[in-house]
Amino acid sequence: MDPAAGLTDVRAASPTTGDDLVTLDGVAKTYTTATGTTQALSPTSLAIRRGEFLSVVGPSGCGKSTLLTMISGLVPPTAGEVRIDGELVDRPYRHCGIAFQTSVLLEWRSVLDNVLLQFEMRGIDPAPHRDKAVALLDSLGLEGSSRLYPRELSGGMKQRVSIARALIHDPSLLLMDEPFSAVDALTRDQLSMDLQQVCMDRGRDLTVLFITHHIEEAVFLGDRVLVMTPRPGRIAEVIDIDLPRPRRLEDAGREKQAAYAAHIRETFSRVGVYRRNQHEGGQA
Amino acid sequence: MTEIATGARRRKAGNALSTLAYPGGLCLVLLALWQFLVPALDVETSVLPVPTEILSAGWENRDLIREHTWPTLLETVVGFAIAAVLGIVVAVAITAVPAIHKTLYPLLVGSLVVPKIAIAPLFVIWFGFGYTPKIIMVVLIAFFPVVVDMALGLTSIPPELRMLNRSMGASRWRAFWKISFPFALPNLFIGLKLAMALAIIGAIVAEFVQSSQGLGYLLLQANSTLQTPLFFAAIVALTVLGVVLYMVIELLEAVVLRTRRR
């Protein structure tokens with residue numbers, strides 16, 4: 001980490017080693033509305049390494065979610081191209097799992113059937129996968145909950161089911177869009193720790209793109225943290241989080257984790273994420 | 001856990017009791033007032049009979065009332081069923097195909113404003129005297145709430161769920177049956193309950209225009225012969241019919257939506 005580094009050259013963030021799962025080349029998104037066009041994401045080039053956990057932090061409206069939907073192939077970029085495993089993404093990419101801020105569980109299905117939906121929608125008989133789904137739910141802290149219905153679950157439990165649904169088909173890529181921002185702080189801590197465990201268990205078989213507003217969470221979970229500027233979003237900086245795993249959440253406020261978080265806040269300040277108070281001095 | 005559960009059950013039972021007892025109690029009070037005020041104010045039976053007279057008129061004419069209930073029931077149920085199926089199909093079509101939505105929806109809303117009762121006499125010219133004109137009237141009246149509510153349900157699927165859907169690569173057919181249709185069911189039931197209430201009105205109105213049987217016919221007969229107690233008894237039969245049919249839909253709703261948040 002070099003706190004003195006300026007805005008990283010976007011090209012430098014995409015070393016073209018053969019071990020990248022996802023590559024973005026000049027990907028940009030412009031939305032056209034009745035009132036004109038809005039650039040949601042400036043041309044961005046980026047490589048997500050196989051097996052890494054990439055956190056993305058940035059202010060609201062900086063195009064983080066747009067980035068995710070374009071990688072998933074759900075929304076086409078206005079310019080540039082996304083490749084996964086070398087293949088051009090020009091339709092919804094099927095070997096990924098997605099978890100959103102809301103769990104979007106189906107209320108008429110039990111927890112287990114919500115997880116197995118992943119197979120049913122793909123036209124695969126879910127029956128042979130039941131045991132695996134129950135085991136996955138257990139590993140996510142939902143022992144004995146597979147027969148419950150969503151209305152019987154707390155917000156944190158629903159989010160765990162949504163993560164299980166995103167992982168049950170063993171995707172190579174897990175895309176998470178602020179999955180913990182609707183739960184209380186303590187549940188959020190627990191979910192972060194559990195997610196770290198799940199990702200460690202899967203090792204290089206699972207690559208994660210994790211979008212959040214929460215700086216400490218991004219540092220705690222990420223192998224790298226991608227820091228974004230306000231709209232039109234571009235990459236301000238990509239930071240390697242050089243800390244051994246398993247990381248302890250107890251250390252979030254201490255030493256290295258805290259130093260990384262402080263560095264990200266400095267970057268945010270520099271790129272204008274924070275509004276300056278007048279009495280703070282006439283710098284800008 | 002069990003303590004909470006039994007507590008909740010007791011509270012639920014208490015609620016059920018009060019939901020029946022409170023309006024029931026009010027009805028009894030009003031009926032008693034009716035029973036005593038009418039003779040006290042010297043109102044004639046042919047103008048306003050007392051509840052006991054209505055009850056005895058209903059009992060004496062029970063075979064007549066039953067005989068006239070069947071046609072009305074048939075028209076209502078058949079018309080409702082057609083309206084439900086048609087309404088669902090149209091709602092699916094207008095939500096799935098933007099062109100159909102653009103073409104059909106303004107016409108649907110426009111025809112909602114047309115007073116269908118006013119064109120009922122025309123149906124006699126077009127479809128004759130049998131069940132057909134009555135059933136068509138029921139369909140026309142009951143159709144709209146089904147379309148509107150079902151379409152609302154289908155369009156209120158959250159965008160995240162749509163995205164998830166597409167990322168799982170489901171065919172439209174599978175996505176519809178596994179996600180969209182069940183998702184819209186609570187809204188559909190709102191529409192169906194409204195449609196059932198309207199269906200009976202449609203049947204009675206059609207019978208008013210032209211009929212030789214049915215509760216609408218019986219009402220007209222009782223009215224023109226000043227058999228006011230029989231008139232009221234027919235109204236009671238009609239009310240019971242409406243409540244029972246409505247409750248059938250509610251029961252169906254409770255079974256279908258049993259796992260969902262209320």
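The values are calculated or read from the model by the stated rules, or taken from the named source; none is laboratory data. Quick caveat, the model's predicted, so the values are computed rather than measured. With ideal geometry, Cβ positions are generated from the backbone for all residues, glycine too; neighbour counts draw on all protein chains shown.
Has segment A:3-24 got any residue that is crowded, with 17+ Cβ neighbours inside 10 Å, closer than 30 Å to A:Glu255 by Cβ and either modelled with pLDDT of 85 or more or under 17 Å from the mean Cα position of the chain (by Cα) (or both)?
Within segment A:3-24, not a single residue is crowded, with 17+ Cβ neighbours inside 10 Å, closer than 30 Å to A:Glu255 by Cβ and either modelled with pLDDT of 85 or more or under 17 Å from the mean Cα position of the chain (by Cα) (or both).
Just one of (1) modelled with pLDDT of 90 or more; (2) farther than 30 Å from B:Tyr105 by Cα trips up B:Ser46, so point out which.
Among (1) modelled with pLDDT of 90 or more; (2) farther than 30 Å from B:Tyr105 by Cα, the lone unmet condition for B:Ser46 is (1).
B:Pro49 is checked against (1) touching a residue at least 60 places away in the same chain (Cβ under 8 Å); (2) closer than 18 Å to B:Leu238 by Cβ; (3) assigned to a helix (DSSP H, G or I) and fails just one. What number does that condition carry?
Failed condition: (3).
Go through segment A:47-100 and tell me which strands (runs of 3 or more DSSP E), entirely inside it, have 3 or more residues that are basic (Lys, Arg) and farther than 30 Å from A:Glu216 by Cα.
Details: elements: A:53-57, A:79-84, A:96-99.
Once the strands (runs of 3 or more DSSP E) in segment A:47-100 are filtered for at least 3 residues that are basic (Lys, Arg) and farther than 30 Å from A:Glu216 by Cα, nothing remains.
Confirm whether A:Leu88 is at pLDDT 90 or above, over 25 Å from A:Ser181 (Cα atoms), among the hydrophobic types (A, V, I, L, M, F, W, C) and loosely packed, with under 13 Cβ neighbours inside 10 Å. Don't jump to the end; show me each part of the working.
Numbers: at pLDDT 90 or above: yes; over 25 Å from A:Ser181 (Cα atoms): yes; among the hydrophobic types (A, V, I, L, M, F, W, C): yes; loosely packed, with under 13 Cβ neighbours inside 10 Å: yes.
It is true that A:Leu88 is at pLDDT 90 or above, over 25 Å from A:Ser181 (Cα atoms), among the hydrophobic types (A, V, I, L, M, F, W, C) and loosely packed, with under 13 Cβ neighbours inside 10 Å.
Looking at segment A:104-131, which of its residues are under 25 Å from A:Ser154 (Cβ atoms), part of a loop (DSSP other than H, G, I, E, B) and at the interface with another protein chain (Cβ under 9 Å from one of its Cβ atoms)?
A:Val104, A:Leu106, A:Glu107, A:Trp108, A:Arg109, A:Ser110 - these are the residues of segment A:104-131 that are under 25 Å from A:Ser154 (Cβ atoms), part of a loop (DSSP other than H, G, I, E, B) and at the interface with another protein chain (Cβ under 9 Å from one of its Cβ atoms).
Here are some residues: B:Phe176, B:Phe189, B:Phe143. Which one is touching a residue at least 60 places away in the same chain (Cβ under 8 Å) and within 29 Å of B:Phe129 (Cβ to Cβ)?
Working: B:Phe176 fails: within 29 Å of B:Phe129 (Cβ to Cβ); B:Phe189 fails: within 29 Å of B:Phe129 (Cβ to Cβ).
Exactly one residue qualifies, and that residue is B:Phe143.
Going by the structure shown, is B:Ala96 closer than 30 Å to A:Ala166 by Cα and more than 14 Å from chain A (Cβ to nearest Cβ)? Break it down into steps so the answer makes sense when it comes.
Values: closer than 30 Å to A:Ala166 by Cα: yes; more than 14 Å from chain A (Cβ to nearest Cβ): yes.
Criteria met by B:Ala96.
Do you know which of the residues in segment B:112-135 that are among the β-branched types (Val, Ile, Thr) and without any contact (Cβ under 8 Å) to a residue 60 or more places away in the chain is nearest to the other protein chains (Cβ to nearest Cβ)?
Going through segment B:112-135, the residues among the β-branched types (Val, Ile, Thr) turn out to be B:113-114, B:117, B:119, B:124-125, B:132, B:135.
Okay, now just the ones that are also without any contact (Cβ under 8 Å) to a residue 60 or more places away in the chain, so B:113-114, B:119, B:125, B:132.
On the way: B:Val113: 29, B:Val114: 33, B:Ile119: 40, B:Ile125: 47, B:Thr132: 38 Å.
Taking the candidates together, the pick is B:Val113.
Looking for something within 14 Å of the chain's Cα centre (by Cα), at pLDDT 95 or above and more than 14 Å from chain A (Cβ to nearest Cβ) - is there at least one such residue anywhere in segment B:148-160? Talk me through it step by step, then tell me what you get.
If we filter segment B:148-160 for residues that are within 14 Å of the chain's Cα centre (by Cα), which is where we start, we get none.
For segment B:148-160, residues within 14 Å of the chain's Cα centre (by Cα), at pLDDT 95 or above and more than 14 Å from chain A (Cβ to nearest Cβ): absent.
Give segment B:206-235 a look and list any residue that's out of contact with any helix residue (DSSP H, G or I) (no Cβ under 6 Å at 6 or more places or on another chain) and on the phi < 0 side of the Ramachandran plot, or say none.
Within segment B:206-235, the first condition is being out of contact with any helix residue (DSSP H, G or I) (no Cβ under 6 Å at 6 or more places or on another chain), and the residues that meet it are B:212, B:220-221, B:224-228, B:235.
B:Ser212, B:Leu220, B:Gln221, B:Ser224, B:Thr225, B:Gln227, B:Thr228, B:Ile235, listed by residue number.
I want to confirm something. Restricting to segment B:162-180 and keeping residues that are in contact with a Gly (Cβ under 9 Å, 6 or more places away or on another chain), surrounded by fewer than 20 Cβ atoms within 10 Å (Cβ to Cβ) and part of a helix (DSSP H, G or I), which single residue is nearest to the other protein chains (Cβ to nearest Cβ)?
Initially, segment B:162-180 is screened for residues in contact with a Gly (Cβ under 9 Å, 6 or more places away or on another chain), giving B:166-167, B:169-171, B:174, B:180.
Filter again for surrounded by fewer than 20 Cβ atoms within 10 Å (Cβ to Cβ), leaving B:166, B:169, B:171, B:174.
Those still in the list that are part of a helix (DSSP H, G or I) too: B:166, B:174.
On the way: B:Arg166: 5, B:Arg174: 6 Å.
Among those residues, the one meeting the criterion is B:Arg166.
Could you please find all residues in segment A:172-191 being under 30 Å from A:Arg83 (Cβ atoms) and in contact with a Phe, Trp or Tyr (Cβ under 9 Å, 6 or more places away or on another chain)? Steps first, please.
Pass one, segment A:172-191, residues under 30 Å from A:Arg83 (Cβ atoms): A:172-181.
Residues satisfying the conditions are A:Leu173, A:Leu174, A:Leu175, A:Met176, A:Asp177, A:Glu178, A:Pro179.
Starting from residues that are part of a helix (DSSP H, G or I) and among the small types (Gly, Ala, Ser), keep the ones in segment A:132-141 and report whichever is nearest to A:Val198 (Cα to Cα). Give the derivation first.
Just the residues of segment A:132-141 that are part of a helix (DSSP H, G or I), to begin with: A:132-139.
Still in the running and among the small types (Gly, Ala, Ser): A:133, A:135, A:139.
Values: A:Ala133: 14, A:Ala135: 12, A:Ser139: 8 Å.
It comes out as A:Ser139.
When the residues of segment A:132-164 are filtered to those that are within 14 Å of chain B (Cβ to nearest Cβ) and aliphatic (A, V, I, L, M), which remaining residue is surrounded by the fewest Cβ atoms within 10 Å (Cβ to Cβ)?
Only one residue tops the list, namely A:Leu148.
With the requirement that a residue be among the hydroxyl-bearing types (Ser, Thr, Tyr) and crowded, with 19+ Cβ neighbours inside 10 Å, what does segment B:227-256 give you?
Taking segment B:227-256 first, the residues among the hydroxyl-bearing types (Ser, Thr, Tyr) are B:228, B:239, B:246.
Selection gives B:Thr228 alone.
If you check A:Val161 against the conditions, is it without any contact (Cβ under 8 Å) to a residue 60 or more places away in the chain, among the β-branched types (Val, Ile, Thr) and not in a loop (DSSP other than H, G, I, E, B)? Step through it out loud before you land on a result.
Working: without any contact (Cβ under 8 Å) to a residue 60 or more places away in the chain: yes; among the β-branched types (Val, Ile, Thr): yes; not in a loop (DSSP other than H, G, I, E, B): yes.
Answer is yes for this residue.
For the condition surrounded by fewer than 23 Cβ atoms within 10 Å (Cβ to Cβ), assigned by TED's automatic domain parsing to the domain that holds B:Leu86 and among the β-branched types (Val, Ile, Thr), what is the one hit in B:Ile141, B:Ile200, B:Ile157, B:Ile135?
Details: B:Ile141 fails: surrounded by fewer than 23 Cβ atoms within 10 Å (Cβ to Cβ); B:Ile200 fails: surrounded by fewer than 23 Cβ atoms within 10 Å (Cβ to Cβ); B:Ile135 fails: surrounded by fewer than 23 Cβ atoms within 10 Å (Cβ to Cβ).
After applying the criteria, what remains is B:Ile157.
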